[in-house]
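Colleague: Following this message is one structure expressed as structure tokens.
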There are 2 protein chains.
Amino acid sequence: MKDNSVYKRSFNACLDLIRRLEPGALLGSEPALARELEVSRTTVRSILVALAAAGVIALEGRSRQVLRHPLDAEYFPDLETEASSELIERRFKEWLLTGDVKPGSIINSLELARRFEVSTSGIREYLNRFSRFGLIERRPNASWVFRGFTSSFALELCDIRELFEMQSIERFAAQIHKEPLRRRLADLKARHIDLLGRIETDFTQFSPLDEAFHRTINDAADNRFIREFYEIISLIFHYHFQWNKVDERERNEIAIHEHLAIIEGLESGDARATRKAVAVHMSSARNSLFRSLRGH
Amino acid sequence: MKDNSVYKRSFNACLDLIRRLEPGALLGSEPALARELEVSRTTVRSILVALAAAGVIALEGRSRQVLRHPLDAEYFPDLETEASSELIERRFKEWLLTGDVKPGSIINSLELARRFEVSTSGIREYLNRFSRFGLIERRPNASWVFRGFTSSFALELCDIRELFEMQSIERFAAQIHKEPLRRRLADLKARHIDLLGRIETDFTQFSPLDEAFHRTINDAADNRFIREFYEIISLIFHYHFQWNKVDERERNEIAIHEHLAIIEGLESGDARATRKAVAVHMSSARNSLFRSLRGH
DNA sequence: TGTCTGTCTGTTATCGTTAAAGTGCACTTG
DNA sequence: CAAGTGCACTTTAACGATAACAGACAGACA
């Protein structure tokens, strides 16, 4: 049956909330807390009852007064707050991406269920959702097959990425006059320049910046299919960063320069230069991905 | 638990197979039949036992002799041969596409389970898989929401379609010297010209031809993401054909001419003309889709 | 020696069940 | 009277169980 990880997660979030208040302060109403914690009032009510029982708050009629700050030991451990579906996702990606599952090998959902200590239904559901990444395939009336991080996967992935990125950049350029976009771009530029200044030591911080940059560009297209595809890109590039440590500093430095060229192209309104800069960046990302897949 | 629809489907397929033989003829070996019916030997063996019991074949040692042709009444009815997952898919699409589910409305999986007479788990799994179409969205810890066949959906869909179609046509053109591609194109051309000749009466036969044409083009890209996206296109255009009956003959006739222009562009090797023809076709498909969504 | 068969074991599809979490409604409170 | 509360009722997430189906292996056959 359902575990109560939603409750535990929200309980912890509520403790955090109380920590930001002084003893004696009053908590908001149940609907207000429900909105804040993003759960239903039912869950909020069970949390409040538990907090009152623990003596963290006093429940009197409609008032919820903070009595004391919660102790560290009163938090539920992280292990228990993870929903079973999240656990499966984490474990599966670990297994697939760091383990040595060979291309073409059969994915045995019963074995995975045992290995991850979850039910087969959970695995089944996850595999279904994961299939959109194009890395696994279902055989009729039978099990799933891992298609592998093959060069054809990388090729197909990069081809689409280039189409989408080019489309997104056009859309971005067309909307550059809008204030929020302009500001976001300036912010990204500053972060790139900042990281470039301390690249010798902090080159590992590029990965989240890369993510932020491309997400900003892609969001400009305002297209659900591009946005969903970007999840795949994120996954692959996230792990690709982990696999390929060779020349990481140099590669990241080059990528920063390439990003800056794109940003400057956008800022100057030079469509031709922007497209050129995107093409250059895509081509080097492609090469780098291929190298790391080959080495893997 | 699992139903035996695989068995029933294969049983029917096996009866078809026997109908093509003369009484007295011998059936192939178990592995051969398993390959032919695309199921395991286990299933083949249960079918053979049932056929022998019914007196359709004689099982003697290693020989399986056909005694008589099967009767129509010996087939399992279609209703029983459909796997529960297929039933759900069919019913759900019917419900969504012909019913009047309003954009933004909540999808109640329990109600659907009752309505379709299947378990909630089945619905749950299907919704998960269907979510890749971008038409439904899961709200955290809660139910699914139908986003609707809105104009923004159509816009986002068409934008991607144009990118993919243009990419595919380039790939197709680059491989046109290969014999199978050339032949497939000639075949498509003939079918288009044939249908054009009897368009006054047979204009409803355009839908499958349209499907075949675009699938051929898209397959040339040899890209799993394009191929998967085409499933969405198919779904939407399939139902769009059902919704919009206005000017159907004219629209189909125009589309045939547009297809022929693309085919001729490819055959002549004129890249510019081909691209132009694709752009024209995409634009008219877009207009037609928008009109039918608005009217719906 | 290579393919086929009997048998047995392992895996998958699907369902029903149950606790957790969400939702609606009447009533209360300020 | 608008927002908050108590309570009952629905709906969802997740599991375990089981029949259907797939696959492996040893021995038989040709």
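The values are calculated or read from the model by the stated rules, or taken from the named source; none is laboratory data. Because the structure is a prediction, the values reported are computed rather than measured. Reconstructed Cβ throughout: ideal geometry from the backbone, glycine too, with neighbour counts over all protein chains shown. In case anyone asks, the SASA skips ligands and DNA or RNA and just uses the protein heavy atoms, side chains included. Shrake-Rupley method; radii C 1.70, N 1.55, O 1.52, S 1.80 Å.
Colleague: Name the most mobile residue of B:ILE226, B:ILE18, B:ILE160, meaning the one with the largest mean-square fluctuation, in a Gaussian network model of chain B with Cα contacts below 10 Å.
Modeller: B:ILE18
Colleague: Now, a different point. Using θ = phi - 60° and the Karplus form 6.51 cos²θ - 1.76 cosθ + 1.60, what ³J(HN,Hα) does each residue of the range A:170-176 get, whole Hz, x for Gly and Pro?
Modeller: Residue by residue, the range A:170-176 yields 4, 5, 4, 4, 5, 10, 4 Hz.
Colleague: Based on the alpha-carbon gyration tensor of chain A, what equivalent-ellipsoid semi-axes (square roots of 5 times the eigenvalues) come out, in whole Å, largest first?
Modeller: Values: eigenvalues 332, 177, 63 Å².
Equivalent ellipsoid semi-axes, largest first: 41, 30, 18 Å.
Colleague: I would also like to ask the following. Between copies, how far does the label point of A:GLU60 sit from its twins, in nm, shortest first, when each point is 7 Å from Cα along Cα→Cβ?
Modeller: Once sorted, the set of distances for A:GLU60 reads 9.7 nm.
Colleague: Kindly give the distances from B:ARG20 to its copy-mates, label point to label point, with each label point 7 Å from Cα along Cα→Cβ, as nm values to one decimal ordered shortest first.
Modeller: So the label point of B:ARG20 gives 7.0 nm to the other copies.
Colleague: Quick one: check the C-alpha center-to-center distance for the range B:231-296 versus the range B:28-51, whole angstrom.
Modeller: 44 Å
Colleague: Additional query: Restricted to Cα positions, what overall size does the range B:151-295 have along the principal axes? Three whole-Å values, descending.
Modeller: 43, 35, 23
Colleague: Residues with beta-carbon under 13 Å from that of B:ALA273, excluding B:ALA273: net charge, scoring Lys, Arg +1 and Asp, Glu -1? Can you show the working numbers first?
Modeller: Details: positive: B:ARG272, B:ARG275, B:LYS276; negative: B:GLU258, B:GLU264, B:GLU267, B:ASP270.
Local charge sum for B:ALA273: -1.
Colleague: Heavy-atom accessible area of B:THR81 with all protein chains present, probe 1.4 Å, nearest 10 Å²?
Modeller: Here the accessible area works out near 20 Å².
Colleague: Let me ask something additional. Net charge around A:ALA54, counting only other residues with Cβ within less than 11 Å of its Cβ (Lys, Arg = +1; Asp, Glu = -1)?
Modeller: 0
Colleague: Treating the point 7 Å from Cα along Cα-beta-carbon as the label, what are the nm separations from A:LYS276 to the other copies, to one decimal?
Modeller: Taking the point 7 Å beyond Cα along Cα→Cβ, the inter-copy spacings are 2.9 nm.
Colleague: Right, another one. Could you tell me the convex hull volume per residue, in Å³, taken over the Cα atoms of the range B:1-136? Don't skip to the answer; put the middle values down first.
Modeller: On the way: hull volume 18.8 nm³, N = 136.
Taking only Cα atoms, the range B:1-136 has a hull volume of 138 Å³ per residue.
Colleague: Between the helical axis of A:224-243 and the dominant principal axis of chain A, each derived from Cα atoms, what acute angle in degrees is found, rounded to the nearest 10?
Modeller: 80 degrees
Colleague: Turning to a different aspect of this structure: Once phi is turned into ³J(HN,Hα) by the Karplus curve 6.51 cos²θ - 1.76 cosθ + 1.60 with θ = phi - 60°, what whole-Hz value does each residue of the range B:87-98 show in order, with x for glycine and proline?
Modeller: 4, 4, 4, 4, 5, 5, 4, 3, 4, 6, 8, 10
Colleague: In 20 Å bins starting at 0, how do the alpha-carbon pair distances of the protein assembly as shown split up by percent?
Modeller: Histogramming the protein assembly as shown at 20 Å steps yields 15, 41, 35, 9, 1 percent.
Colleague: At 1.4 Å probe size, with no ligands or nucleic acids counted, give the accessible surface of B:THR204 in Å², nearest ten.
Modeller: For B:THR204, the solvent-accessible surface is approximately 90 Å².
Colleague: Let me ask something additional. Report in % the part of the accessible area of the range B:151-295 that belongs to carbon and sulfur, leaving out ligands and nucleic acids; probe 1.4 Å.
Modeller: Details: 3500 of 6670 Å².
Carbon and sulfur atoms account for 52 percent of the accessible area of the range B:151-295.
Colleague: Extending each Cα 7 Å along its Cβ direction at B:ARG19 and B:GLN65, get the distance between those two points in nm, one decimal.
Modeller: Spacing of the two 7 Å Cα→Cβ label points: 2.5 nm.
Colleague: Right, next: Work out how far the C-alpha atoms of the range B:6-48 reach from end to end along every principal axis, then list the three figures in whole Å, largest first.
Modeller: Principal extents (Cα only, largest first): 25, 18, 15 Å.
Colleague: Kirkwood Rh, Cα Rg: Rg to Rh for the range B:5-79?
Modeller: Numbers: Rg = 11.2 Å, Rh = 12.2 Å.
Result: Rg/Rh = 0.92.
Colleague: In terms of solvent-accessible area of protein heavy atoms at a 1.4 angstrom probe, what is the ranking of A:ARG114, B:ARG91, B:ARG139, highest value first? Spell out each step's value before the answer.
Modeller: Working: A:ARG114 155, B:ARG91 70, B:ARG139 105 Å².
Heavy-atom accessible area, descending, gives A:ARG114, B:ARG139, B:ARG91.
Colleague: How long are the semi-axes of the ellipsoid equivalent to the range B:84-146, from square roots of 5 times the Cα gyration tensor eigenvalues, in whole Å, largest first? Please list the in-between numbers first.
Modeller: Values: eigenvalues 52, 37, 26 Å².
Taking √(5λ) for each eigenvalue gives 16, 14, 11 Å, largest first.
Colleague: Ignoring ligands, DNA and RNA, how much accessible area is buried between chains B and A, both sides summed, with a 1.4 Å probe, to the nearest 100 Å²?
Modeller: Numbers: alone 16630 and 16640 Å², together 30700 Å².
Counting protein atoms only, the buried area is about 2600 Å².
Colleague: Select from A:ARG275, A:ARG129, A:ARG198 the residue whose mean-square fluctuation is largest in a Gaussian network model of chain A (Cα-Cα springs shorter than 10 Å).
Modeller: Of A:ARG275, A:ARG129, A:ARG198, the most mobile in the Gaussian network model is A:ARG198.
Colleague: Same structure again: Can you give the helix-only mean residue ellipticity at 222 nm for the protein assembly as shown, where every DSSP H stretch with n ≥ 4 adds -39500 (n - 2.57) and the sum goes over all residues, rounded to the nearest 500 deg cm²/dmol? It would help to have the intermediate numbers written out before the result.
Modeller: Numbers: 28 runs with 404 residues, N = 592.
The helix contribution divided over the protein assembly as shown gives -22000 deg cm²/dmol.
Colleague: Under a point spin-label approximation (7 Å from Cα along Cα-to-Cβ), what is the A:HIS238-B:ALA174 distance to one decimal in nm?
Modeller: The answer from the label model is 3.1 nm.
Colleague: Rank A:SER46, A:SER284, A:SER131 by mean-square fluctuation in a GNM of chain A with C-alpha springs under 10 angstrom and give only the top-ranked residue.
Modeller: A:SER46
Colleague: Now for a separate question. Ignore the peptide's own chain and count Cβ atoms of other chains within 10 Å of each Cβ in A:159-166; give me the average, rounded. Don't skip to the answer; put the middle values down first.
Modeller: Details: counts 7, 10, 1, 1, 8, 3, 0, 1.
The mean count of partner-chain Cβ atoms within 10 Å per residue comes to 4.
Colleague: Taking Cα atoms, how many degrees apart are the long axis of helix B:206-221 and the longest axis of chain B, rounded to 10 and kept between 0 and 90?
Modeller: Rounded to the nearest ten degrees, it is 80.
Colleague: Show the residues, 5+ positions off or on another chain, whose built amide H is closer than 5 Å to the amide H of B:ILE136.
Modeller: Amide H neighbours of B:ILE136: B:ARG147.
Colleague: Would you mind counting up the charge near B:ARG249? Only other residues with Cβ under 11 Å from its Cβ, with Lys and Arg at +1 and Asp and Glu at -1. Please list the in-between numbers first.
Modeller: Numbers: positive: B:LYS245, B:ARG251; negative: B:GLU200, B:ASP202, B:ASP247, B:GLU248, B:GLU250, B:GLU253.
Taking every Cβ under 11 Å from that of B:ARG249, the sum is -4.
Colleague: For A:LYS102, list the lysines whose Cα falls under 26 Å from its own Cα; do not include residues on the same chain fewer than 8 positions away.
Modeller: Partners within reach: A:LYS93, A:LYS245.
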